Amino acid sequence: MGGGFMKRKAVTYRLIEISDIPALFQVRVATWHNENGARELTEMGITSASVEQQLVSGTHQGWLAEVDGVVVGFAIGNKTKGEMWVIAVLSEFEGCGIGRELITRVERWLFSLGWESIWLTTHLDPDFRAVGFYRSLGWVDWKMEKDRYMRKSKH
């Protein structure tokens, strides 16, 4: 669906700034796939204040994608853990290469900091779309616990 739409729209990528945090939460809640997304994020300790603290402290860095000045996706990494912390792209912009570009920027950043292997968590169900997306980018299963842990090596 997004591919045809995106042929007519230019996507710009840039580093996330503190002023972008409200838009990040709008995108993240919209991609949560349930009406309880905002509450669940808060219960997990993920709030505007906690994200601001992570970005200001420098432990986290991320990039966003904009179309016509509107945030349509973002990805953030955690340099202290070598973690691909979060990626979210609005459904109408999936399949356009935005997620691939965003995750690649975070991967490059983490590897540039000296990490030889980076990791992320995703859904346990192997048929979950994100699992296939990560696998297509070279991520491999690492361990299964409450979530699926995947990792990617520098080489």
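The table below lists the values:
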read-out: Neighbours by Cβ (under 8 Å, 6+ apart or cross-chain): first from segment 4-32, modelled with pLDDT of 90 or more; second open to solvent by 70 Å² or more (accessible area, probe 1.4 Å); value: Ile18/Glu52; Ile18/Val56; Ile21/Glu52; Ala23/Val70
read-out: For Trp109: the one exception among (1) in contact (Cβ under 8 Å) with a residue 40 or more places away in the chain; (2) over 26 Å from Ile18 (Cβ atoms); (3) part of a helix (DSSP H, G or I); value: (2)
read-out: Residue in segment 87-94 that is at pLDDT 95 or above and open to solvent by 20 Å² or more (accessible area, probe 1.4 Å) present; value: no
read-out: Residues of segment 100-151 that turn out to be under 15 Å from Thr80 (Cα atoms) and open to solvent by less than 20 Å² (accessible area, probe 1.4 Å), as a count; value: 5
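The values are calculated or read from the model by the stated rules, or taken from the named source; none is laboratory data. Note that the structure is a prediction, hence the values are computed from the model and not measured. Please note: Cβ atoms are built from the backbone with ideal geometry, for glycine as well, and neighbour counts cover all protein chains shown. Areas reflect the complete protein model, heavy atoms only, side chains present, ligands, DNA and RNA absent. Shrake-Rupley method; radii C 1.70, N 1.55, O 1.52, S 1.80 Å.
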